[in-house]
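Visitor: There's a structure below that I have some questions on.
All of the numbers you see were taken from the coordinates with simple rules; none came from a lab. Everything quoted here is computed from the prediction, not taken from an experiment. Methodologically, a virtual Cβ is constructed for each residue, glycine included, from the backbone with ideal geometry; neighbour enumeration extends over all protein chains shown.
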Amino acid sequence: MNHKKILVTGGAGFIGSHLCERLLNEGNEVLCLDNYFTGSKDNIVHLLDNPYFELIRHDVVHPFHVDVDEIYNLACPASPVHYQYNAIKTIKTSVMGAINMLGLAKRLKAKVLQASTSEVYGDPHVHPQPESYWGNVNPIGIRSCYDEGKRCAETLFMDYYRQNGVRIKIVRIFNTYGPRMNPEDGRVVSNFIVQALKGEDITIYGDGTQTRSFQYVDDMVEAMVRMMATDDSFTGPVNTGNPGEFTMLELANLVLDLTGSKSKLIFMPLPSDDPRQRRPDITLAKEKLNWEPKIQLRDGLVKTIEYFDKILK
Ligand SMILES: NC(=O)c1ccc[n+]([C@@H]2O[C@H](COP(=O)([O-])OP(=O)(O)OC[C@H]3O[C@@H](n4cnc5c(N)ncnc54)[C@H](O)[C@@H]3O)[C@@H](O)[C@H]2O)c1
């Protein structure tokens, strides 16, 4: 087996914990780095007995030295409530975290993968969004700390590649959901499920006709691992997401149906800079990674509801 030493920043977070688990299952040694801002030891406690798993409390804004073959850079708060809590810290995490991980990869000649985001497309004028679309992002709004931080990180990745030949990979992640999402982070899937399970009103922002695409976390992790395995000439960016598009009303009704909840839908004003529609074009991922999402929204929601049902008890 091809046993590698792999650093996962943000490894105690939602996606990071699934990635650590997957990499360990493949026989790798995994170093999970996190400052626990939005992540939690609860997400990885089941991995602590594995002698090939190591946990490091560290903040990526500070340099970090360790000998590894691959780096997955996921450290960054991902939901608006968390990334707006300390906007300056969010930008620092994206930009300085990228510089620190790229510097490390450069010294080690390691591969480094950036968890970028569909937010780099902002409120897009092109649907669905291909990687070649440059986006429509407000540089001075309340979401800019995240969107522009991630855009700057992509720029840094490309410049380290062009200037220093660093072995980079950029993955643009669209809305991802699944077990271990933070129930308090205000993301629509977790919000709806938690509200439905508690019998509270389900809050819909705007009229509920805005759409999103939802990717189950296992599909996402599969795409990241495949991306890391591509040869050095393919840097991305590559979109990973589920092209199935659902309105917020459809999602709410599906959650009500699967939970059997009697919660009512209530409507609130849309927050500023909230995009109307976002949907990935995954042609490139299909071609380069031979990947497409496999898990249907209904099936992924069932697993996610099971998780929330357990932690809310
Ligand atoms: N979940 C999604 O839908 C989605 C979509 C697009 C992009 N992403 C990206 O994927 C990555 C993981 O997202 P997630 O949904 O798992 O979010 P998450 O908040 O659960 O995970 C982020 C992790 O990074 C850690 N972290 C934050 N700042 C840090 C710092 N300065 N130093 C060290 N660790 C730090 C947090 O404690 C947490 O464990 C993020 O980079 C996010 O931007 C996620």
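Visitor: How high is the relative contact order of the chain? Use alpha-carbon pairs under 8 Å, at least six apart in sequence, and give a whole percent.
Guide: Taking the mean separation of contacting Cα pairs over the length of the chain, I get 17 percent.
Visitor: Further, regarding this structure: Of all beta bridges DSSP finds with both residues in the chain, what is the antiparallel percent, to the nearest 5?
Guide: Taking every DSSP beta bridge within the chain, about 10 percent pair in antiparallel fashion.
Visitor: Before anything else, pin down the relative contact order of the range 1-142: Cα pairs under 8 Å, at least 6 apart, normalised by residue count, whole percent.
Guide: For the range 1-142, the relative contact order is 21 percent.
Visitor: Based on DSSP H runs of at least 4 residues, each adding -39500 (n - 2.57), what is the mean residue ellipticity at 222 nm of the chain after dividing by all its residues, to the nearest 500 deg cm²/dmol?
Guide: Calculated from helices alone, the mean residue ellipticity at 222 nm is -12000 deg cm²/dmol.
Visitor: Taking Cα centroids, how far is the range 53-118 from the range 160-188 in Å?
Guide: Each part reduced to its Cα centre gives a spacing of 10 Å.
Visitor: Place the peptides 141-154, 169-182 in order of packing, highest mean first, counting for every residue the other Cβ atoms within 10 Å and averaging per peptide.
Guide: 169-182, 141-154
Visitor: Also, quick follow-up: My understanding is that a pair violates if its Cα-Cα distance is over 18 Å; which of Lys4/Lys111; Lys106/Lys288; Lys5/Lys92; Lys5/Lys89; Lys41/Lys303; Lys5/Lys109 do that in this structure?
Guide: Numbers: Lys4/Lys111 11 Å; Lys106/Lys288 24 Å; Lys5/Lys92 26 Å; Lys5/Lys89 29 Å; Lys41/Lys303 21 Å; Lys5/Lys109 13 Å.
In this structure, Lys106/Lys288; Lys5/Lys92; Lys5/Lys89; Lys41/Lys303 exceed 18 Å between Cα atoms.
Visitor: In what sequence, highest mean first, do 124-133, 34-43 appear when ranked by Cβ atoms within 10 angstrom?
Guide: 34-43, 124-133
Visitor: Students often check this: by mean Cβ neighbours within 10 Å, which of 307-313, 56-62, 187-193, 78-84 ranks highest, and how do the rest follow? List each step's numbers first, then the result.
Guide: On the way: 307-313: 12.4, 56-62: 15.9, 187-193: 22.6, 78-84: 19.7.
Output ranking for 307-313, 56-62, 187-193, 78-84: 187-193, 78-84, 56-62, 307-313.
Visitor: Mind jotting down a quarter of the surface of the convex hull over the alpha carbons of the range 171-211, in square nanometres, one decimal? Present the calculation step by step, with values, prior to reporting the outcome.
Guide: Numbers: hull surface 15.3 nm².
Dividing the Cα hull surface by four gives the mean projection, 3.8 nm².
Visitor: Near the amide H of Thr176, under 5 Å away, which other amide H atoms are found, from residues 5 or more places off or on another chain, if H is placed in the peptide plane?
Guide: Amide H to amide H, under 5 Å and 5 or more residues apart or across chains, Thr176 pairs with Gln215.
Visitor: Find the Cα radius of gyration of the chain, compare it with 2.2 N^0.38 Å by division, and give the number to two decimals.
Guide: It is 0.96.
Visitor: Further, regarding this structure: With an 8 Å cut-off on Cα pairs and a minimum separation of 6 or more residues, tell me the relative contact order of the range 119-199 in percent.
Guide: Relative contact order comes out at 16 percent.
Visitor: Between Thr155 and Thr247, with labels modelled 7 Å along Cα→Cβ, what's the label distance in nm to one decimal, could you check?
Guide: 3.9
Visitor: Using amide H atoms built 1.01 Å from N in the peptide plane, name the residues 5+ places from Gly236, or on other chains, whose amide H lies under 5 Å from its own.
Guide: Those qualifying (amide H under 5 Å, at least 5 residues apart or on another chain) are Ile170.
Visitor: Still on this structure, I have one more. Among DSSP beta bridges lying fully in the range 155-300, give the percent that are antiparallel, nearest 5.
Guide: Numbers: 3 of 12 bridges.
For the range 155-300, the DSSP antiparallel bridge percentage is about 25.
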